[in-house]
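Here, each number is a calculation from the coordinates, and none is a lab measurement. Every value quoted in this text rests on a predicted model; they were computed, and no experiment measured them. Every residue, glycine among them, receives a Cβ derived from its backbone with ideal geometry; neighbour counts consider all protein chains shown.
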Amino acid sequence: MTTRGTRLRLAATAVAALAAAALAPGTAHAAPPSNDDFDNATAITLPFTEQVDPREATRAPDDPNSCLHPANGTAWYSFTSTVDTTLALDFHRAYVDTGVYTGTRGALALVPRSCSTGSEIRELDARAGVTYYLSVAANSWSWPFQFTAEVVPQPANDHFAAAETIGALPFTGQVKLAAATVEAGEPTASCDHNPGSPSVWYEYTPVETGSLVLSADAWADHNAVAAVYTGPERTELACVHSHHGILRAEAGRTLHIQFTAANAGADDVVLGLRAAEVLRPALQVSPEGASIHDEVRFDNTSQDPEGYGTSIERLDFGDGTPVVAPDRSYVYHRYAADGDYTARLTVASLGGRTATITKTIPIRTHDVAITGFDVPTAARVDATKPIDVTLANGNYTETVKVTLYRGTATGFQPVTSLTKTIRPNRTTRFPFTYTFTAADLTEGTIVFKATAEPTTRDALPSDNTVIAPATRVRKAAPQGAS
């Protein structure tokens, strides 16, 4: 039996054991960071780097709530500069909440637009003599991360007069816009949805006329804008928003390129300029072996490696008919006479790019026709009768296979065939014979069909098949009868 005194002694022993375990050497326990409280904010001296462990961070009752998740503890930093400057605050892809404040404890004022949640690099625009306080918060389950702060230099090409000269293409320019400024009288690009954002300038003078591809931090989420101007009035030639575009550039005419990115912060943004890929013209013509009876179809199958597609600018059929510029990707045309015609297709795409291709169109009217099909009107079983097929031919020597078919209850079945080479502009006889059978007598009448199949495409195939009138079949003649 355990008495009350025994229970008290056991409890005291357990507490002592826990305390001893907690104080035992070699056992590590996380503690709040040294700058866990506002009064102990770590002063940022440049260049600055620190390992941050947020797992035991806490929150003071008077910590501001404007930028923090309620469950996250904070670490505090302070920064005072003797000159106006811009800092890049990099948490090396850690997901953190940050806010920047001025003032004193209990009366902190949030710096406008300084709240941020995520893993991006932040910027801090610091004015000389002002002390800024940075709160950094992360979930208690976050791993330790590195925090660095460094000055973002003002871009050398911040002003129009100091534009960076682009030499040979392709060109890629990487820049931080956090410390860039806005000049008085700076133009606003037509596709800029955030006018007044700081910008940098580039200039390029083409040595030859051609099409250029301008890329404004394509596919990134920085809201980048690149605008191209020319002349002393800065007339806008092109504007590209967070993607790429094509413009036409004339040899010797300088292009002034304004580059801005409203959401870049202290991230790098990239401007690209290169020569546009040339078009790849292609013309598909159908049908093959066309004749004067065909509506020949011309399809623009050209490709634009830049992905903008092509349109037909001019199409010359090569036979003296008017050149066309259709509003679709194909057009039909009928030639009046046989011959070889040179078709010429010119296609166009964005940036004034054009390309031309020629193609020889052979027009040959091959035409054979069954003009005669002689079958007996009646025949007896076991009798062999002649069947003649007559073909008329057009302008070319043709090789033609003529097949004779016999009609049955299930359709026509081939009987025999004959192949001949026939000369142009004449008729040719294809002679066959057929021996009538008892099976034919059962049918009562037999229907014959003839088909003509030239080795070349026939211009009018409808006259290549003929079905003859039915032949009546009778019993075999009595033995000895003629």
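Points worth noting:
- With an a/c value of 1.5 or above and a/b not larger than b/c for the gyration tensor axes a ≥ b ≥ c computed over the alpha-carbon atoms, the range 38-151 is described as oblate.
- Ranked packing of 178-188, 265-275, most packed first, by mean Cβ within 10 Å: 265-275, 178-188
- Ala290 sits among other residues whose Cβ lies under 14 Å from its own Cβ, and their net charge, with Lys and Arg +1 and Asp and Glu -1, is -4.
- Highest-first packing order for the peptide set 238-247, 118-127 is 238-247, 118-127, based on the mean count of other beta carbon atoms within 10 Å.
- Each peptide in 108-115, 52-59 was scored by the mean count of other Cβ atoms within 10 Å over its residues; highest first, the order is 52-59, 108-115.
- Estimated distance in nm for a label pair at Thr399 and Gln479, the labels positioned 7 Å out from Cα along Cα-to-Cβ: 4.9 nm
- Ranking Ile363, Leu391, Val347 by Cα position along the charge dipole of the range 321-411, where only Lys, Arg, Asp and Glu carry charges on their C-beta atoms, puts Val347 farthest toward the positive end.
- Centroid-to-centroid, using Cα positions, the range 45-97 and the range 309-355 are 66 Å apart.
- Rounded to the nearest 10 degrees, the inclination of helix 4-23 to the longest alpha-carbon principal axis of the chain is 70 degrees.
- Unit charges on C-beta of K, R, D, E only; dipole of the range 368-474, Debye: 180 debye
- Total formal charge among the other residues, if their Cβ is under 15 angstrom from that of Val270, Lys/Arg +1 and Asp/Glu -1: -3
- Magnitude of the charge dipole for the chain, about its Cα centre and with charges confined to Cβ atoms of Lys, Arg (+1) and Asp, Glu (-1), is about 2920 debye.
- Dipole magnitude for the range 160-275: about 200 debye, using +1 per Lys or Arg Cβ and -1 per Asp or Glu Cβ, origin at the Cα centre.
- A straight chain from Thr384 to Ser78 at 0.36 nm per residue would run longer than the Cα-Cα distance by 98.5 nm.
- Per-residue ellipticity at 222 nm from helix content only, as computed over the chain with -39500 (n - 2.57) for each DSSP H run of at least four residues, stands at -1500 deg cm²/dmol.
- Each residue in Ile292, Ile370 was given a count of other beta-carbon atoms within 10 angstrom of its own, and listing them fewest first yields Ile292, Ile370.
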